[in-house]
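K.L.:
Here you go, one structure.
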Amino acid sequence: MTGMDQFRSYVKRVRPDQFLFYQSRSSEKRLEFQSVTGVLGVNLHGTRFLDIGPGYGDALDVCSENGASRIEFVETDPFFFTYNRLKGFAQGHEIDLKTELPTLHPMQFDFIWVKGSISPDNVIFRVNPEAVNRHLLTHWLSQLEKLSAPHGRIVICPYWLHDGQKRRSDDVGRSFFTETLLKSGYRVLPRIENHNREPEYPVTFHKITGVP
């Protein structure tokens, strides 16, 4: 794909369900991101921003509109990757977020955003015994944090599996995922209106690297 018109024509022809679903929720996703940056008091102007799993790329758009100096993303879905690449202002990395983060240049980003692209219930981390789960997650967090500039922010809002009403994990606070992030220096943000919602996004984690 070499142009947005070509891409839109292809989407109109093949009708990819997931892409169209995220497209339909674009204004909601923009508000989710803006709500978090507002609560944290983030000034996006001049920020070097990395989105791990941008989907339709609403956070990328907000950063561009607010003068971010560098915008990059990690994405493997071909529709989302191509769409965000064709916007022209963001550099994409078509790599596996689980294993290939070390291929990115370290200490480059002031703000790293991870919304919904990881799940405590996903096989990425859910293996037995639980000690292995914690080790894998701790290692992944260390790889993520190596990408952060000194005193950079990392925001992680994981997706919790559910049946439409009830989460698979009853007690989010006592899950191995939450306990591991807290031990790694993250804190749980107060519930943010227009961002956190039950049952899939009940909690958001925040860390400023290098700050105890």
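K.L.:
Going from most exposed to least, what order do Met4, Met107 have by accessible area with a 1.4 Å probe?
P.N.:
Numbers: Met4 45, Met107 110 Å².
Ranked from most to least accessible, the order is Met107, Met4.
K.L.:
Hey, another quick one. When only Cα pairs under 8 Å and 6 or more residues apart are kept, what is the percent relative contact order across the chain? Walk me through the numbers on the way to the answer.
P.N.:
Details: 338 pairs, mean separation 39.1, N = 212.
It comes to 18 percent, rounded to a whole number.
K.L.:
So, one more: Just give me a number: lysine pairs in the chain, eight or more positions apart or cross-chain, with C-alpha atoms less than 23 Å apart.
P.N.:
Close lysine pairs under the 23 Å cut-off: 18.
K.L.:
Once you charge only the Cβ atoms, +1 for Lys and Arg and -1 for Asp and Glu, what is the size of the charge dipole of segment 65-164 about its Cα centre, to the nearest 20 debye?
P.N.:
Details: 9 positive and 12 negative charges, 42 e Å.
It works out to roughly 200 debye.
K.L.:
Moving on to the next point. Per residue Cα convex hull volume for segment 1-106, in cubic angstrom? List each step's numbers first, then the result.
P.N.:
Numbers: hull volume 11.9 nm³, N = 106.
In segment 1-106, the Cα hull volume divided by residue count equals 112 Å³.
K.L.:
To the nearest 20 debye, what charge dipole does the chain have about its Cα centre, counting +1 at the Cβ of each Lys and Arg and -1 at the Cβ of each Asp and Glu? Walk me through the numbers on the way to the answer.
P.N.:
On the way: 26 positive and 25 negative charges, 17 e Å.
Computed about the Cα centre, the dipole is about 80 debye.
K.L.:
Picking from Asp110, Asp96, Asp163, which is most flexible by a Gaussian network model of the chain using Cα springs under 10 Å?
P.N.:
Asp163
K.L.:
Once Rh for the chain is found with the Kirkwood sum over Cα pairs, what is the Stokes-Einstein diffusion coefficient at 20 °C and 1.002 mPa s, in µm²/s?
P.N.:
Values: Rh = 17.8 Å.
Using the Kirkwood radius from Cα pairs, D works out to 120 µm²/s.
K.L.:
Do any trypsin sites (Lys or Arg not before Pro) in segment 16-79 lie in a DSSP loop with no more than 15 other beta carbon atoms within 10 Å, and if so, which? Walk me through the numbers before you get to the answer.
P.N.:
Values: sites: Arg25, Lys29, Arg30, Arg48, Arg70; in loops: Arg25.
For trypsin sites (Lys or Arg not before Pro) across segment 16-79 that sit outside H, G, I, E and B with at most 15 neighbouring Cβ atoms in 10 Å, the list reads Arg25.
K.L.:
How much net charge surrounds Ser184 when only other residues with a Cβ under 9 Å from its Cβ are counted (Lys, Arg +1; Asp, Glu -1)? Don't skip to the end; give the middle numbers.
P.N.:
Values: positive: Lys183, Lys207; negative: Glu145.
Taking every other residue near Ser184 into account, the sum is +1.
K.L.:
I need the peptides 173-183, 189-199 ranked by packing, meaning the mean over residues of other C-beta atoms within 10 angstrom, with the highest value on top.
P.N.:
Working: 173-183: 16.1, 189-199: 14.3.
Taking the mean over residues of other Cβ atoms within 10 Å, the ranking is 173-183, 189-199.
The values are calculated or read from the model by the stated rules, or taken from the named source; none is laboratory data. As the structure is a prediction and not an experimental result, all values here were calculated from the model. Glycine also receives a Cβ, built like all others from the backbone with ideal geometry; neighbour counts cover every protein chain displayed. The protein model used for the area step is the full one, side chains on, heavy atoms only, and it has no ligands, DNA or RNA in it. Shrake-Rupley method; radii C 1.70, N 1.55, O 1.52, S 1.80 Å.
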